Amino acid sequence: MRHIMVLNPKGGCGKSTLATNIASYFVSQGAAVALADYDPQRSSLDWLARRPDNRPAIAGVAGYESGLRHAPRNADFIIIDAPARSHGKELVDLVNHAETIVVPVLPSTIDIQATANFLEELKGVSKIGRKAAKIGTVANRVRDNTLIFDDLDEYLTKVRVPYIAALREAQNYVRAYTRGLGIFELPEYLAWPDWDEWEPLTAWLRSVRSQP
Ligand SMILES: Nc1ncnc2c1ncn2[C@@H]1O[C@H](COP(=O)(O)OP(=O)(O)O)[C@@H](O)[C@H]1O
Ligand SMILES: [Mg+2]
């Protein structure tokens with residue numbers, strides 16, 4: 001069983017968007033998937049409630065209430081949507097649940113600075129120091145040819161954490177969430193640019209590089 005956590009204490013950077021899409025990706029590949037929502041805002045569980053019956057089922061776990069205690073034993077993947085503002089002991093407890101951590105970052109100075117502080121804090125978490133969990137960053141809501149994306153790209157390239165993918169800002173994410181789907185479940189003619197951008201992320205998640 002693999003535990004993949006989407007984590008960044010900064011609100012609004014795309015944790016729930018990435019968590020729901022990662023869950024949808026693996027279930028579309030035929031894996032048994034659970035989605036554990038540690039955020040009392042419940043965005044991932046609300047997405048699951050919108051999921052049509054004719055799509056492969058994903059088990060929902062109310063992590064913010066009872067952790068992974070009720071997670072299905074037979075899941076191949078548990079995708080964990082982390083809450084905002086996790087620091088200190090709470091952060092250590094969260095990280096202890098995961099072997100793989102995906103950190104989404106927005107092209108904004110506030111978000112880049114907050115993420116820099118957070119990655120510094122993560123370095124001090126013993127599980128990360130021991131490399132018992134692997135971290136990768138993902139630029140999210142990117143608009144090409146903007147100065148702030150250049151800044152983000154430069155920051156993510158030079159910080160000593162693997163920079164896995166850059167995802168554009170796209171209405172497809174909003175559309176997919178509303179329908180309880182991932183972008184992989186939208187029609188190809190709409191979603192192919194996003195499928196292309198996800199390729200490095202899904203390849204990393206499948207590879208041993210993202211596993212301790
Ligand atoms: N790549 C994207 N393109 C367009 N909208 C996005 C994208 N990623 C996230 N969003 C939107 O940004 C908002 C915050 O994203 P969300 O996943 O809820 O962040 P978090 O869970 O970190 O608070 C939501 O309205 C979501 O639909
Ligand atoms: Mg969220």
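Throughout, read-outs are computed from the coordinates displayed, never taken from laboratory work. Keep in mind it's a predicted model, so treat the numbers as computed, not measured. Counting neighbours? That spans all protein chains shown, and the Cβs are built from the backbone with ideal geometry, glycine included.
Worth pointing out:
- Within the listed set Lys15, Lys134, Lys89, the residue fluctuating most in the Gaussian network model of the chain (springs between alpha-carbon atoms under 10 angstrom) is Lys89.
- Under 13 Å of direct C-alpha separation, and excluding same-chain neighbours fewer than eight residues apart, Lys127 reaches these aspartates and glutamates: Asp93, Glu99.
- Annotation for Gln113 and Val159: the two label points, set 7 Å from Cα along the Cα-Cβ direction, are 1.4 nm apart.
- Shown for Glu90, Glu199: other C-beta atoms within 10 Å of each C-beta, ranked fewest to most, produce the order Glu199, Glu90.
- Taken as Cα centroids, region 143-186 and region 1-77 sit 19 Å apart, rounded to the nearest whole angstrom.
- Charge tally around Pro162: other residues with Cβ under 11 Å, Lys/Arg +1 each, Asp/Glu -1 each, net +3.
- Think of each Lys and Arg Cβ as +1 and each Asp and Glu Cβ as -1; about the Cα centre, that makes the dipole of the chain roughly 640 debye.
- Estimated from helices alone, the mean residue ellipticity of the chain at 222 nm is -12500 deg cm²/dmol (sum of -39500 (n - 2.57) over DSSP H runs with n ≥ 4, per residue).
- Formal net charge of residues neighbouring Ser16 (Cβ-Cβ distance under 10 Å; K, R +1; D, E -1): -2
- For Lys131, a cut-off of 21 angstrom between C-alpha atoms picks up these lysines, skipping any fewer than 8 places away in its own chain: Lys89, Lys123, Lys158.
- The relative contact order of region 1-86, computed from alpha carbon pairs under 8 Å that lie at least 6 residues apart in sequence, is 47 percent.
- Full-extension gain in nm, Arg209 to Arg42, via 0.36 nm per residue minus C-alpha separation: 57.1 nm
- Using a cutoff of 8 angstrom between alpha carbon atoms and counting only pairs six or more residues apart, the relative contact order for region 127-212 works out to 33 percent.
- Here's the picture: charge each Lys and Arg Cβ at +1 and each Asp and Glu Cβ at -1 in the chain, and of Ile79, Ala176, Ala139 the one pushed furthest to the positive end of that dipole is Ile79.
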